[in-house]
2 protein chains.
Amino acid sequence: MTARPTLADVAARAGVSASTASLAFSGSGPVSDATKERVLAAAAELGYAGPDPRARSLRRGRSGIVGVVLEERVRSAFLDPVKIRTLDGIADGIAPLGAALLLLPFIGGESEGATIEDAPVDAVVLIGCSPRVEHSLEILRRRGIPTVAIEGGPTGDDVPDISIDNRDATRRGAEHLRSLGHRDVGVVTLPFDAERTSGPVDAALEARASTQVTIERLQGARDVFPTAPAVAAATSSIEDGRLAALLLLADGSGRALPAEARPTAIIAQSDLLAAGVIHAAEELGLAVPGELSVVGFDGIRVDGLRHDLTTLDQPSTDKGRAAGEAVVRLLAGEPATSLAFTSTLHLGDTTAPPAR
Amino acid sequence: MTARPTLADVAARAGVSASTASLAFSGSGPVSDATKERVLAAAAELGYAGPDPRARSLRRGRSGIVGVVLEERVRSAFLDPVKIRTLDGIADGIAPLGAALLLLPFIGGESEGATIEDAPVDAVVLIGCSPRVEHSLEILRRRGIPTVAIEGGPTGDDVPDISIDNRDATRRGAEHLRSLGHRDVGVVTLPFDAERTSGPVDAALEARASTQVTIERLQGARDVFPTAPAVAAATSSIEDGRLAALLLLADGSGRALPAEARPTAIIAQSDLLAAGVIHAAEELGLAVPGELSVVGFDGIRVDGLRHDLTTLDQPSTDKGRAAGEAVVRLLAGEPATSLAFTSTLHLGDTTAPPAR
DNA sequence: CGAGCCGCCCGAATCGATTCGAGCGCCCGC
DNA sequence: GCGGGCGCTCGAATCGATTCGGGCGGCTCG
């Protein structure tokens, strides 16, 4: 017999009915020890590998899988330590469910296979703040799948959003710089739109911005330094942070601008970007924090960075865990509410009073 | 009506049978345009969100999901750029299937939910070379799930293994060092076992090693430098590479050993480790490559590293893609064979003749 | 000694979609 | 005018497990 044995085969061999065999496996029903043992023995003889998860999930109505929608390709999503921490938190939060995580590409791709339109998931977590959140929400709502967003911007009452105080936190970082005496401050921002336009931020770019987090953090900086020049990075990476910083600190030929023509401090919207800013400063021969103060955002430990970065420590893992817990509550039929975490300013060794 | 509508509801509303409605959705059968349109209209009115993936997968026998077993927790797995590239390659390779990736924790955990014992997957890719591969293979074999391993060590005829020439490649790197004149060479290795024991490598540790890749690469180094001292890192990370290198280069008080007491070159088993080695050298005031040559492995671009690392460029993405394509073949009923890729020595600026 | 209760097992319905073979008009050609 | 062929639709079986209500013994208590 080449076909895999089914529960019915096992039951027949054990001389019991399929229903009894099922009970014996799930262990929930009233089955005598003798019978259970006989069923398990029969299963072992036939090489039965347990109930087919597909059939079980059809009958039970649950698949034991939670989908995670990444706003980007797998490749880039996992280069971001914040996302990884968040994922880890989610895995932690849904642990009581014993569910696995299904990576779902953002929709709009041409893939004919599993997307949020058509994936056997019990619930979905949307990570990130892509412009597609609206579209995704609509599909999930129609499918009736419980959904939780992380930094999803305005969702609906039915979709809890887990976020942090992006604007307020950045403002506190900016105020720290102002209290040190800084007046000329530059900003290196996360991408503004799905096209990841990089370079100096102007009104046009701000107008078509679709990334909530970028805007909120920029507003926080502008609350304190209304005229701060900003440069957008293409991705949240060290290299793109370095490139963006060079636009603020160097002239076209790659030499440092004179002191009076460059900012004395840079607010980076992520720690990876901040690490790139520091690299750029070192490359230009500018001491950190002596000639340039740097503030980051995230509170990750950048592998290989030898500074104790002054940054806004956000609870990424907690955010993920909260999202996971919200999923658990939704699946239990309980209401789950949106939640905003607070970031704390960590004072490292990358900020100091300006030289001049 | 609060319950989600089913295909039968749609069919009833459209005045056709369920079978016809099904054909109208899948688009494969001979259905008149008028009927199809009527069905789709009825679906729209009822807010039908497409066929239930659970039921479909039960009937079709396929779920459209490919499992990926990570040897570690999600957290650590995704900190490794090689794994990320591999994952990306897998996603690429299985694209024709249009399948999503299900992250499966390694087994042995107490999680009651989805594991490889019980997950609705059509196929599985085992990444990494954990000692649990054997156990995983047994379960998957019993379940009759097509499986592909990546660096899985000895599998069976039924499980293709995608690997690279770890030993031979490392040997070529070592020969490059020897041809430059190096005689005293140290090795910084990947972890040896599941406990991630770190520190100097001795016979006892080698004896209980369970990680195939580590051993093969160490053998390659020993082929050229039989007595090379080796230090194991706890993880493949910059920081652990730095710590391991310090054991080879510095004394207990954190000062560089005299030139005659330390190696003139270090072979690191990954690029992240190599980056850490370079950091350690700079910290000790040793010039790279002047006073210390460094060879890495992987060929990734380490974010933030300002050297052009001499390394063994392995086709990580290709490996993943090959695994994905093997999955596609297995699912098509075709045989898939093991495959070994070749790494190429990339000559960067981190190797030079020894100073003495 | 009999009635009731309890523990254990079975039968049958159900989850929702897919698929195969059969049936039914209708048109065309002979 | 009639039979064959073709295009579309329907019924019913099927995928494999779960679950609920019922029934059948055996034991206990009055």
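Couple of notes before you dig in:
- Filter result (open to solvent by 50 Å² or more (accessible area, probe 1.4 Å) and either more than 8 Å from DNA strand C (Cβ to nearest atom) or aromatic (Phe, Trp, Tyr) (or both)) within region B:54-72: B:Arg62
- Checking B:Leu218, B:Leu205, B:Leu177 one by one, the residue that is in a helix (DSSP H, G or I), more than 24 Å from B:Ala280 (Cα to Cα) and open to solvent by less than 20 Å² (accessible area, probe 1.4 Å) is B:Leu205 and no other.
- Those residues of region B:239-264 which are out of contact with any helix residue (DSSP H, G or I) (no Cβ under 6 Å at 6 or more places or on another chain) and among the basic types (Lys, Arg), in sequence order: B:Arg255
- Taking the listed residues B:Ala95, B:Ala100, the one that is out of contact with any helix residue (DSSP H, G or I) (no Cβ under 7 Å at 6 or more places or on another chain), at pLDDT below 90, surrounded by fewer than 20 Cβ atoms within 10 Å (Cβ to Cβ) and small (Gly, Ala, Ser) is B:Ala95, with no other qualifying.
- The number of residues in region B:185-202 that are surrounded by fewer than 19 Cβ atoms within 10 Å (Cβ to Cβ), in a loop (DSSP other than H, G, I, E, B) and modelled with pLDDT of 90 or more comes to 1.
- Scanning region B:271-313 for residues that are closer than 26 Å to B:Lys83 by Cα and either among the aromatic types (Phe, Trp, Tyr) or surrounded by fewer than 19 Cβ atoms within 10 Å (Cβ to Cβ) (or both) yields B:Phe297, B:Arg301, B:Arg306, B:His307, B:Asp308, B:Asp313.
- Failed criterion for A:Ser28 (all others in (1) of a type in the set (Gly, Ala, Ser); (2) within 7 Å of DNA strand C (Cβ to nearest atom); (3) open to solvent by 60 Å² or more (accessible area, probe 1.4 Å) hold): (2)
- Scan region A:40-53 for residues that are at the interface with chain B (Cβ under 9 Å from one of its Cβ atoms) and either near DNA strand D (Cβ under 6 Å from one of its atoms) or open to solvent by less than 30 Å² (accessible area, probe 1.4 Å) (or both) and the total you get is 6.
- Subset tally (residues that are touching a Pro at 6+ places or on another chain (Cβ under 8 Å) and open to solvent by 40 Å² or more (accessible area, probe 1.4 Å)) for region B:221-259: 3
- Region A:124-167 - residue that is among the acidic types (Asp, Glu) and crowded, with 17+ Cβ neighbours inside 10 Å and, of those, farthest from B:Gly50 (Cα to Cα): A:Asp165
- Residues of region A:286-303 satisfying the condition of being over 17 Å from A:Leu345 (Cβ atoms) and either within 14 Å of chain B (Cβ to nearest Cβ) or in a helix (DSSP H, G or I) (or both): A:Val302, A:Asp303
- Number of residues in region B:18-37 that are more than 8 Å from DNA strand D (Cβ to nearest atom) and among the charged types (D, E, K, R) equals 1.
- For region A:5-17, the count of residues that are of a type in the set (Lys, Arg) and either more than 8 Å from DNA strand D (Cβ to nearest atom) or open to solvent by 70 Å² or more (accessible area, probe 1.4 Å) (or both) is at least one.
The values are calculated or read from the model by the stated rules, or taken from the named source; none is laboratory data. Computed from a predicted model, the values in this text were never measured in an experiment. Heads up, the Cβs are rebuilt from the backbone with ideal geometry, glycines too, and the neighbour counts pull from every protein chain shown. The accessibility values were calculated without ligands, DNA or RNA, using every heavy atom of the protein model including side chains. Shrake-Rupley method; radii C 1.70, N 1.55, O 1.52, S 1.80 Å.
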